[in-house]
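Structure, as structure tokens:
The values are calculated or read from the model by the stated rules, or taken from the named source; none is laboratory data. Since the structure is predicted, the reported quantities are computational estimates derived from the model, not experimental observations. Here Cβ is always computed from backbone atoms with ideal geometry, including for glycine, and neighbour counts include all displayed protein chains.
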Amino acid sequence: MKKSSIFGLVVIAIAIAVIISVYSNSSTYGSFKDAQNTSNELHIVGHLNKQKQLFYDATRDANYFSFYMKDNKGEECKVVFTGSKPQDFERSEQIVLTGQMRGNEFHASKILMKCPSKYTQDKVEITEAKAKQASI
Amino acid sequence: MDTAFKGEHLLPGHLGQFFTILAFGSALFAAISYYFATTNPLDTSWKRLGRLGAYINTIAVIGIGVCLYYIILNHLFEYYYAWEHSSRALPTHYIISSFWDGQEGSFWLWTFWQAVLGNILIWKAKSWENPVMAVVSLSQAILATMLIGVDIFGQRIGTSPFILLREAIDLKANAPAFAANPALYHNYLTYIKDGNGMNPLLQNYWMVIHPPTLFLGFASMIVPFAYAIAGLWQKRYKEWIKPAIPYSLFAMMILGTGIIMGAFWAYDSLSFGGFWAWDPVENASIIPWLILVGAVHVMIVYKNTSHSYITATILVLMSFVLVLYASFLTRSGVLGDTSVHAFTDAGMFWHLVADVVIFLVLAVVMLAIRWKELPRTTKDEETYSREFWMFVGSVFLGLSCFHLVVVSSIPVWNLMFGTKLAPPSDPVKHYNIVQASFAVVVTLLTGFTQFLKYKKTDGAKFFISTLVYLLVAGLITLPIVYFTGANKLKFVFILIMVGAIYSILANGKVLIDAFKGKLKLAGSAVAHIGFGLIMVGALISAGTSKVISENTTGEQFSDDFAKSKNNPRENIILYKNKPVVMGKYTVTYIGDSVAPPNHYFKVNYRVIDANGKVTEEFLLKPNAQANAKMGLIASPDTKHYLFSDLYTHVNMSNAIEIGEGGEAAGHDEADEDKKYEAPLTYEVAVGDTIRFREGYATLTSIGRVDHLQDIALTGKDVAIGARIHIVANSKTYDAEPIYMIRNSNAFDFARKVEDAGLKLRFTKVLPQKGKVEITLYQQPESAKKWIVMRAIQFPDINFLWAGTIIMVIGILLSIFRRNKELKTT
């Protein structure tokens, strides 16, 4: 057997190992219900329930932030995040949480939020325009 | 139609739009002309036409840039791009960078650099000009389609930067007043006073230079690709590699610099808390780079030994296809759920897919057609030869890249196969471990390959020198790992350390030899040393970075919560003027300095030795912008030492609203008093001391006051002041509350000491006792100014930056060397 063939086989073996390791390391997207039935960390996509209270009081604990999120199936759950409240959280349109259930709370280790921050949002501000109308 | 709206400047837009069409047409024309110039080499008129096309394309591309600059600089907000990405308040250098804030601008950068490179090729490529420029022009034409923005069969092709605001956004839906009143709509521009401005996070000098560098890197990847295609096309299999090597090195240098600039930007002024987070967008930029590095090494192997031709070709072809794939990943919106900073979909998904597919098909077809004719060597490489191990190293770089592609593309797999995979839940750990394994192999290879010669090496001699150096590397690693605390890391990271130090030593030897005469070898040695240092710096700083702001004191939210330590409690609250000990530092938030729109928090760091003496003191000023649109935008401040960095970042504060809200002082007494705890009254004589939570106050004297700033005193009034000396948090203040009698009515004027959170009133005079009554209001902790901050220590990160500079110098030396070789042969 040629040396290059042996090396080729080694490379293929490593490539397969990489794929397997990625597959076994990869998490899944799920709902709060799925989270209740597993002890693994998973990703949950949903949105913030803006009616309920966002709790962050730095003077009591700078590393405790809790809120209520509805997952894509409509189920709501209290979420606790160890850390400070991400900037502009109230405006988030979509949230992706990584974490697991602890009792009735979902403990998130990571929050990724998609904000329609005004820098990407196609909304013309016409507040100024209205104020101006009077002077015409 | 156009005259229907008042105040619009349509000329620059029309001109710009004309230039985008011209850029596309001329690039296509150049591509076709160069194609025929290649197939009819005897007819030079095709070549002249091709050049003409390329020149016109260059002018058109510059024209697009000038028009867009004109629009942005003159704040013509009738154009969507200017409105969306700039504003009047932006300083000039950020206006320049707002140019590439959006997708269109970054495409323009790319096409601009590609045009520049095209002109260099026309000038330098000689016999390669026709086929190489045919490929470059094709790429240029496809890039131009991204900017055209015209509707064909109801499908918009590309997005033009010259779209008008009223075309991009339904103004009538946004503002009902416009829909109701046509006259108002006709004047709509008078209501668009300002643009959206640039995201404050991007208002940074890195934004000015990072994107142009990165896109020069991406753009220059086309050149080796074009040479490879040209070589296959013209059957000049063996010749293309030599002229392509300097261009590949150039692309490798520029793209590498661009990537590290991004890392430095993230580290220095974004609040990511590190220099690399394995975000899919970051990965997308490093994927083509890794393959290119592999390609360069195999090309050099081929040049020296005629081995590995096919691998070299495939890697070069792949590197450019991966550039396009990376641009698809970041621009199509496919990464939406997995990345913090990918672009959102601008309706170009399939357009970007097509871009990748066109070049992929071109590469595969050219390879397939010529497959049988490609030069092969029947002889196997020697095991003890440099070429064999360089080849192995390049394949490992390819594997590392393969891993990055597989993981970063998880959303793509989901889309293709309908699966619901999510990225690893701890992606950083996953990437670190897998990539570290490849890095171990690669660093070791960059080391011991230096002891091998091309073709054949004496085995025994090689083993002795390799092992001696490996042993020394191991011995050096031990104390380094021990003293930096890296010994607590996973074993594979310690192996990288050995590998990186080994590589530095082995290449150091080559460098010493180079100074003794073999000067042309210096380039690769220096570049490898730089790479080794990057690895050392990255490893120590990322591996042993320490959050020093760990919250060990203070109120716990609940015991349950405190117990479930899913991540370290990295944020700490600092009340103004109240020192907190973090690690070896005593940290105090001492105040603010405001220079709109920036709000700097002054955080004082002191190192106090056992005798209570301050041995070191410095001030960090992490910055926050209270942005009306985005809330608090924080950027960190870092104390740089030679061997470690101290990074401080403010997450949140109540100072910024209070400070800028403007206090209606004194007017609303009842409301005002709510800010304080219940008052306490003290009967004191001169010399007496009142204790409170943070210190004490001493009544130094009582005396008549002749002037009162608030009220004009008349001769009948009696006003006396109590001079009080206050010491709070080891700072001193003086206050003089006033007691006044007018028309036999008693008044008093309170005095506040904001810093200490105190309010003092002189409420009664008690002549019988020889005392006065002082009422003391104290702010509760929570009403005082505070910041929530995070401080991280990054040891030895300077190795990373220094390594980068050294690597760039090394590659630069190599470029000079390879260029010289081109001229001498």
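Please tell me if B:Ala177 is away from chain A (no Cβ under 12 Å), surrounded by 15 or more Cβ atoms within 10 Å (Cβ to Cβ) and hydrophobic (A, V, I, L, M, F, W, C). The answer is no for B:Ala177. Would you say B:Asn743 is over 30 Å from B:Thr698 (Cα atoms) and more than 44 Å from the chain's Cα centre (by Cα)? So B:Asn743 fits the description; yes. For B:Val132, the criteria (1) within 14 Å of chain A (Cβ to nearest Cβ); (2) touching a helix residue (DSSP H, G or I) at 6+ places or on another chain (Cβ under 7 Å) hold in every case but one, which is (1).
Among the residues of the stretch B:321-349, those that are part of a helix (DSSP H, G or I) and modelled with pLDDT under 90 comprise B:Thr330, B:Arg331, B:Phe349. Out of everything in the stretch B:407-432 that is assigned to a helix (DSSP H, G or I) and facing chain A (nearest Cβ under 7 Å), what residue ends up being surrounded by the most Cβ atoms within 10 Å (Cβ to Cβ)? Step by step, filter the stretch B:407-432, then rank; the result is B:Val407. Residues in the stretch B:192-239 that are without any contact (Cβ under 8 Å) to a residue 60 or more places away in the chain and in the same structural domain as B:Ala368 (by TED's automatic domain parsing): B:Arg236, B:Glu239.
Yes or no, residue by residue, for (1) within 12 Å of chain B (Cβ to nearest Cβ); (2) farther than 30 Å from B:Gly398 by Cβ:
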site: A:Ile12; (1), (2): yes, no
site: A:Lys52; (1), (2): no, yes
site: A:Ala58; (1), (2): yes, yes
site: A:Ser66; (1), (2): yes, yes
site: A:Asp88; (1), (2): yes, yes
site: A:Ile95; (1), (2): yes, yes
site: A:Met101; (1), (2): yes, yes
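Among the conditions (1) surrounded by fewer than 15 Cβ atoms within 10 Å (Cβ to Cβ); (2) without any contact (Cβ under 8 Å) to a residue 12 or more places away in the chain; (3) among the acidic types (Asp, Glu), the only one that A:Glu76 does not satisfy is (2). Note on the stretch B:141-194: residues that are under 23 Å from B:Leu76 (Cβ atoms), out of contact with any Gly (no Cβ under 6 Å at 6 or more places or on another chain) and among the polar types (S, T, N, Q) amount to 3.
Taking the listed residues B:Tyr641, B:Tyr696, B:Tyr647, the one that is surrounded by 15 or more Cβ atoms within 10 Å (Cβ to Cβ) and at pLDDT 85 or above is B:Tyr647, with no other qualifying. Scanning the stretch B:123-156 for residues that are surrounded by fewer than 20 Cβ atoms within 10 Å (Cβ to Cβ) and in a helix (DSSP H, G or I) yields a count of 5. Condition (residue is under 30 Å from B:Asp268 (Cα atoms), touching a helix residue (DSSP H, G or I) at 6+ places or on another chain (Cβ under 6 Å), within 14 Å of chain A (Cβ to nearest Cβ) and surrounded by fewer than 23 Cβ atoms within 10 Å (Cβ to Cβ)) applied to the stretch B:205-224: is it met by at least one residue? Checking the stretch B:205-224: at least one residue is under 30 Å from B:Asp268 (Cα atoms), touching a helix residue (DSSP H, G or I) at 6+ places or on another chain (Cβ under 6 Å), within 14 Å of chain A (Cβ to nearest Cβ) and surrounded by fewer than 23 Cβ atoms within 10 Å (Cβ to Cβ).
The C-beta contact set for the stretch B:358-379 (first residue basic (Lys, Arg), second residue in a helix (DSSP H, G or I), distance under 8 angstrom, 6+ apart or interchain) comprises B:Arg370/B:Leu232; B:Arg376/B:Tyr309; B:Arg376/B:Ile310. Within the stretch A:33-50, the set of residues being of a type outside the set (Asp, Glu), at the interface with chain B (Cβ under 9 Å from one of its Cβ atoms) and in contact with a strand residue (DSSP E or B) (Cβ under 6 Å, 6 or more places away or on another chain) comprises A:Leu42, A:His43, A:Val45. Comparison of B:Ile504, B:Ile464 shows that the only residue that is on the phi < 0 side of the Ramachandran plot, out of contact with any strand residue (DSSP E or B) (no Cβ under 8 Å at 6 or more places or on another chain) and surrounded by fewer than 20 Cβ atoms within 10 Å (Cβ to Cβ) is B:Ile464.
Residues in the stretch B:34-63 that are in a helix (DSSP H, G or I), hydrophobic (A, V, I, L, M, F, W, C) and surrounded by fewer than 23 Cβ atoms within 10 Å (Cβ to Cβ): B:Phe36, B:Trp46, B:Leu49, B:Leu52, B:Ile56, B:Ile59, B:Ile62.
Could you go through the stretch B:382-395 and let me know if any residue there is touching a Lys or Arg at 6+ places or on another chain (Cβ under 8 Å) and away from chain A (no Cβ under 13 Å). Yes, the conditions are met somewhere in the stretch B:382-395. The single condition among (1) under 28 Å from B:Tyr237 (Cα atoms); (2) crowded, with 21+ Cβ neighbours inside 10 Å; (3) not aromatic (Phe, Trp, Tyr) that B:Val442 does not satisfy is (1). Residue count for the stretch A:76-96 satisfying the condition of being of a type in the set (A, V, I, L, M, F, W, C) and over 20 Å from A:Asp61 (Cβ atoms): 3. For the stretch A:68-86, give me each residue that is assigned to a loop (DSSP other than H, G, I, E, B) and within 11 Å of chain B (Cβ to nearest Cβ). Those that are assigned to a loop (DSSP other than H, G, I, E, B) and within 11 Å of chain B (Cβ to nearest Cβ): A:Gly83, A:Ser84, A:Lys85, A:Pro86.
Conditions (1) more than 24 Å from the chain's Cα centre (by Cα); (2) outside the structural domain of B:Gly25 (by TED's automatic domain parsing); (3) among the hydrophobic types (A, V, I, L, M, F, W, C), marked per residue:
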residue	(1), (2), (3)
B:Ile59	yes, no, yes
B:Ile62	yes, no, yes
B:Val66	yes, no, yes
B:Gln103	no, no, no
B:Trp108	no, no, yes
B:Thr111	no, no, no
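Test A:Lys85 against the criterion of being surrounded by fewer than 18 Cβ atoms within 10 Å (Cβ to Cβ) and at pLDDT below 85, and give yes or no. No.
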